[in-house]
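Each remark here refers to the structure printed beneath this line.
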Amino acid sequence: MNEYDNNYSTNGNPAEASAHYGASAPGGYGTPAPAPRRREKRGFSVGAVVALCLLCSLLAAALGVGGTWFVLRSGVLDDAPPAAEATPAPLPETTDEALPPQTEAGSDAASLAAAAGVGEHIYDQARRQVVGVTTEIIYANIFGQVSPASVSGTGFIISDDGYIMTNNHVIEEARKGGYEVSVLTFDGTEYTAQIVGYDEDNDIAVLKIDAAGLTPVTYGGPEDIVVGREIYPVGNPLGELNFTMTTGIISATDRLITTDSDSDPINMFQIDAAVNSGNSGGPVYDTNGDVIGVVTAKQKATGVEGLGFAIPISDAAHIADQIIQYGYVKDRATLGIEGSSVTSAMAERYGMVVGAYVSQVDEGSPAEAAGIQVRDIITALNGEAVTGYSALTTAIHSYAVGDTVEVTVWRAGEKLTLSATLGESRPPVEATPAPEQYQYGYGAMDDFFRQFFGGFGF
């Protein structure tokens, strides 16, 4: 229907009927009675019609303007004259089922405005808390060509005197190659950061810059990680789009995510907010402005979207506190071995069993005291099957320092059960990098294969 349809109507002009008395006078034929004299109807002149139309138009316009003005006045002035009372038209009767669903006070537009206000407030806060973390390395590609390259990520301030939390993999190239780590704040100030410590098992690292009076984040709790809750990650996607905020929801909790074949699974929660390479180590804010997670991984398979993962802040904060206090995570239970996984295919091929193969036993460790030896295969811990080395370390980390566990091992075809009292973790030993050490350039091919075959990581 067009805009004119409701205003269009048809008005007829009925013909004027003539009055005619043609009957003769009563009593017979005679001279017809004269027709009664009629007052002739005189039409309006053209000029009069035009004048009348113009007058009506002016009157209608005046009423229209006056009505609009009154509506405007009545919305803003308390002393506007009251409108004339009118009898309301009766509402049609209806059942409760026919009524539209009730909503809370406020329109959708107001709700959207409120949500926008939350985001603006959080971003204003994040500008003072989020930092860019960059390492300039010397990179040798697969063809042997040497060139500089940047490894970029994100971090966030956890103390007013300059401690910063990020992911271990953000600064891994720097600590292995002896490169300098730079931290950039929102106002453009650049600092050289010291690596305080790191935890490879849970991909957390702590940096320190020489600064004071900074604005640290506040932590949320495990109770704040609820599926469906709105979240706001802030970071530096692609290492170039600094201080980018995205939004989404918590999609799932308690996901055990393995970022590569050599790492242990890490407990994370899943988000659907857009995060990309460079977001690693950045905070996930909730609607209160508290940090509830550390962006750590995403699914990189082609065609997959909205699968990001973050470490709960309660786990990350405990690790960071241990690193600041001791330089490493001291209170984590350990058995004191190094090893690898024996898969079902390997076990079948080489006549072994599935489990964690022991390649090294640390001197003075709980494993040595328990009698565990190199080339043993650990198949169970406290009766729970061990399917590989990652499964073993995950199981051990679920216990406390000082707990005694039964370790089932397979040794040269014989099954043994040994008792071990778990000890404290030891400081990691970092090899001193050689001068002028180049980083071998497998990164581009690694990214290619991850994209092609799928996998987690940044």
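Once you list every other residue whose beta carbon is under 11 Å from the beta carbon of ILE137, what net charge do they have if Lys and Arg are +1 and Asp and Glu are -1?
Numbers: positive: LYS176; negative: GLU136, GLU172, GLU173, GLU180.
With Lys, Arg at +1 and Asp, Glu at -1, the net is -3.
Give the long-range amide H neighbours of GLY339: residues separated by 5 or more places, or on another chain, with amide H under 5 Å away, using H modelled in the peptide plane at 1.01 Å from N.
SER359
With a ≥ b ≥ c the root eigenvalues of the C-alpha gyration tensor of segment 171-271, is it rounded (a/c under 1.5), prolate (a/b larger than b/c) or oblate?
Taking the square roots of the gyration eigenvalues as a ≥ b ≥ c, segment 171-271 is oblate.
Long-range amide H contacts for THR258: which residues qualify at under 5 Å (H placed 1.01 Å from N, peptide plane, sequence gap of 5 or more or a different chain)?
ILE266
Is the shape of segment 245-392 best called rounded, prolate or oblate, per the rule: a/c under 1.5 gives rounded, else a/b larger than b/c gives prolate, else oblate, with a ≥ b ≥ c the square roots of the Cα gyration tensor eigenvalues?
oblate
Apply the a/c threshold of 1.5 to the C-alpha gyration tensor of segment 222-326 and tell me whether it is rounded, prolate or oblate.
rounded
Using the Karplus curve 6.51 cos²θ - 1.76 cosθ + 1.60 with θ = phi - 60°, work out ³J(HN,Hα) for each residue of segment 123-137 in order, rounded to whole Hz, and write x for Gly and Pro.
5, 4, 6, 5, 4, 8, 10, 9, 10, x, 10, 9, 10, 8, 10
What FRET efficiency, computed as 1/(1 + (r/R0)^6) with R0 = 25 Å and r the Cβ-Cβ distance, is obtained for ASP362 and THR387, rounded to the nearest 0.05? Before the final figure, lay out each step's value.
Numbers: r = 23 Å, r/R0 = 0.92.
Rounded to the nearest 0.05, the efficiency is 0.60.
How large is ³J(HN,Hα), in whole Hz, for each residue of segment 190-204 in order, when computed from phi with the Karplus curve 6.51 cos²θ - 1.76 cosθ + 1.60 and θ = phi - 60°, using x for Gly and Pro?
10, 10, 8, 9, 9, 7, 6, x, 7, 10, 5, 4, 10, 6, 10
Applying the Karplus parametrisation 6.51 cos²θ - 1.76 cosθ + 1.60 with θ = phi - 60° to the phi angles of segment 226-232, what ³J(HN,Hα) value in whole Hz is obtained for each residue in order, glycine and proline being reported as x?
Couplings: 10, 4, x, 6, 6, 9, 9 Hz.
To the nearest 0.05, how large is the calculated FRET efficiency for ASP187 and VAL227 if R₀ is 41 Å and r is the Cβ-Cβ distance?
0.65
In whole percent, what relative contact order does segment 333-424 give with Cα contacts below 8 Å and a gap of six or more residues?
Rounded, it is 32 percent for segment 333-424.
Taking the dipole about the Cα centre of segment 222-326, with the C-beta of Lys and Arg at +1 and of Asp and Glu at -1, give me whichever of GLN270, GLN299, ILE311 is farthest to the positive side.
Among GLN270, GLN299, ILE311, the one farthest towards the positive end of the dipole of segment 222-326 is GLN299.
How long is the gain from GLU240 to THR421 if the chain were fully straight, where each residue apart is worth 0.36 nm and the alpha carbon distance is subtracted?
Taking 0.36 nm per residue and subtracting the Cα distance, the gain is 60.3 nm.
To the nearest 20 Debye, how big is the dipole of segment 322-389 about its Cα centre, given +1 on the beta carbon of each Lys and Arg and -1 on that of each Asp and Glu? Please report the intermediate quantities before stating the final value.
Numbers: 4 positive and 8 negative charges, 27 e Å.
Charge dipole of segment 322-389: 120 debye, to the nearest 20.
Report the label-to-label distance for ASP254 and GLN125 in nanometres (one decimal), using points 7 Å from each Cα along the Cα→Cβ vector.
Result for the modelled spin labels: 2.8 nm.
Sticking with the crude label model, points 7 Å out along Cα→Cβ, report the distance from ASP331 to SER159 in nm, one decimal please.
Simple spin-label model gives 1.7 nm for this pair.
State to the nearest 20 debye the size of the charge dipole of segment 126-208 about its Cα centre, where the only charges are +1 on K and R beta carbons and -1 on D and E beta carbons.
For this selection, approximately 160 debye.
Give me, ordered by chain and number, the residues 5 or more places off ILE204 or on other chains with an amide H under 5 Å from its own placed amide H.
Residues meeting the amide H criterion: ASN168, ASP199.
By average Cβ neighbour count within 10 Å, what is the ranking of 300-307, 229-236, 246-253, 313-320 from highest down?
229-236, 313-320, 246-253, 300-307
Quick check on segment 333-424: what does the Kirkwood estimate of hydrodynamic radius come out to from the alpha carbon pairs, in Å?
12.8 Å
Using only Cα atoms, what is the ratio of the radius of gyration of segment 126-208 to 2.2 N^0.38 Å? Spell out each step's value before the answer.
Details: Rg = 13.3 Å, N = 83, 2.2 N^0.38 = 11.8 Å.
Expressed relative to 2.2 N^0.38 Å, the Cα Rg reads 1.13.
Here, each number is a calculation from the coordinates, and none is a lab measurement. These numbers come from a predicted model, not from an experiment. Virtual Cβ from ideal backbone geometry, glycine too; neighbours counted across all protein chains shown.
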